[in-house]
1. Which of the chymotrypsin sites (Phe, Trp or Tyr not before Pro) across the range 124-178 are loop residues per DSSP, with 15 or fewer other Cβ within 10 Å?
2. In cubic angstrom, how much convex hull volume per residue do the alpha carbon atoms of the range 272-346 span?
3. Explain nothing, just the number: relative contact order of the range 116-220, from Cα pairs under 8 Å at least 6 residues apart, as a whole percent.
4. Rank Val307, Gly107, Leu344 by how far each Cα sits towards the positive end of the charge dipole of the chain (+1 on Lys, Arg Cβ; -1 on Asp, Glu Cβ) and give me just the farthest.
5. Can you report the principal axis dimensions of the chain using only the alpha carbons, biggest first, rounded to whole angstrom?
6. Can you give the relative contact order of the range 1-55 as a percent, counting alpha carbon pairs under 8 Å and 6+ residues apart?
7. Pull out a ≥ b ≥ c, the square roots of the eigenvalues of the alpha-carbon gyration tensor of the range 1-46, then state rounded if a/c is under 1.5, prolate if not and a/b is larger than b/c, and oblate in the remaining case.
8. Quick one: among Gly92, Gly186, Gly119, which has the greatest mean-square fluctuation in a GNM of the chain with alpha-carbon springs under 10 angstrom?
Amino acid sequence: MKVAVFGLGYAGTVSAACLASGQHDVWGVDVDADKVSVVNAGASPVVEPGLSELIAAAVSSGSLHATTDVGLALEEAEVALVCVGTPSADHGRVDLRHIERAVGQIGQAFATTAPPASGLRSIVIRSTVPPGTIEEVVAPTLARTAPAGSNYGVAMCPEFLREGSGVNDFFNPPFTVIGADDPLVGEAVAKLFSFFDLKPRIVGTRTAEALKYACNAFHATKVSFANEMARLLRNMDVDSREVMELFCEDDRLNLSPSYLRPGFAFGGSCLPKDLRALLYLARVNNVDLPMLSGALQSNEITISDVVNSVIADGGRNVALLGLSFKMKTDDLRESPNVVLAETLLGKGLNVRIYDPIVNPTRLVGANRTYIESKLPHLQRLLTDSVGEALEGADMAIVSSTDPAVVAALVATPPPSIIDISGRLGREVEQVPGYSGLGW
């Protein structure tokens with residue numbers, strides 16, 4: 001394929017060189033004539049292990065070129081990759097002017113350049129951009145600048161290149177994600193990366209745009225988490241490096257999809273208690289742990305969001321389907337569902353509760369003590385069946401995925417359903433009045 005890569009900064013240069021090594025005819029485009037000269041001389045304008053050698057080989061073989069001429073690069077090009085900068089502006093806003101300028105130049109060049117043999121030109125954003133940029137910035141810019149009748153499509157293909165290991169990251173990505181609402185554009189971009197032994201994931205453009213932010217936010221969180229643990233543990237004569245080395249050996253919970261599924265607040269007998277204990281230890285050792293402190297605050301906000309949704313709905317009768325902090329257990333200790341029920345009752349709403357596991361007569365020890373302090377009238381609130389809980393309800397708040405619960409919601413749904421589990425399935429999600437907690 002002939003490919004035009006707009007922007008010869010870090011991501012653009014690495015992408016251009018690596019694609020050229022995959023036998024594509026790659027043309028790098030940049031407004032900086034010095035960068036263009038460096039690439040055409042077989043060298044790299046950025047410092048990155050292995051990149052200079054890759055560029056030298058590609059330029060020598062004739063598969064990599066650089067130019068300041070947009071039209072030359074786009075002549076018969078099937079794909080245009082946009083890798084320009086998206087720096088921070090005021091208040092953290094993303095500055096998209098370089099994106100608009102590059103996309104505008106591409107659209108204008110359609111008037112004077114021949115299309116590829118396939119007839120379809122795919123404009124692919126590689127830069128990190130906020131969700132909605134393809135729809136709200138890229139597509140309108142092309143519609144405004146490209147000649148009427150131009151055959152083109154747009155897509156998002158985020159890069160996951162770490163400086164210092166960018167070449168290796170390009171050839172060994174964790175995944176290749178293509179955000180394309182047009183299947184033909186998705187196929188064209190997939191063809192671009194077909195020399196990888198990795199099937200690309202085709203998703204919507206907004207999902208692909210959001211993915212890079214989610215990844216980087218989690219990376220930043222991991223760095224802060226490790227550093228906060230180190231700040232605390234050094235006061236206790238503990239080598240945090242050894243702790244984190246062992247921590248990372250757990251790939252079932254610590255480094256896994258576990259706990260990374262959107263849903264309701266965390267609770268139970270461990271997480272809240274242990275987090276508070278860590279924060280107490282930090283206070284007595286005069287150590288600030290703002291990220292971990294924020295985790296508790298964020299958890300409280302998650303509960304408040306549901307309460308606010310119930311109040312805004314206006315109904316007075318609420319069916320709470322699921323009370324324990326986790327399915328298939330009757331452990332009510334610090335269950336966010338218990339806090340939710342207590343809060344709704346305090347606001348004067350009528351709450352009926354169904355949980356297929358919880359039986360007040362079988363609760364013992366700390367579990368019984370906790371629920372008696374929070375919901376002393378639990379026996380009166382509990383129903384024997386999900387149908388009884390839903391009878392006359394204006395709204396159901398659902399954390400239980402018990403088959404009887406799912407069947408009842410499909411058969412006799414209340415006017416409103418708030419899914420706080422995210423696991424109820426398509427049948428329930430298609431019921432009128434359904435809404436998810438963040439999806």
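The values are calculated or read from the model by the stated rules, or taken from the named source; none is laboratory data. In this text the structure is predicted, and so the values were computed from the model without any measurement. Note that each Cβ is placed from the backbone with ideal geometry, even for glycine, and that neighbours are counted across all protein chains shown. Side chains are part of the model used for accessible areas, which takes the heavy atoms of the whole protein and leaves out ligands, DNA and RNA. Shrake-Rupley method; radii C 1.70, N 1.55, O 1.52, S 1.80 Å.
1. Sites meeting the loop and neighbour criteria: Phe175.
2. Roughly 108 Å³ of hull volume per residue.
3. Details: 141 pairs, mean separation 34.6, N = 105.
Relative contact order here is 33 percent.
4. It is Leu344.
5. Computed over the Cα atoms, the extents are 80, 59, 41 Å.
6. Dividing the mean separation by the residue count of the range 1-55 yields 36 percent.
7. Numbers: a/c = 1.71, a/b = 1.56, b/c = 1.10.
Judged from the Cα gyration tensor, the range 1-46 comes out prolate (a/c at least 1.5, a/b above b/c).
8. Maximum among the listed residues: Gly92.
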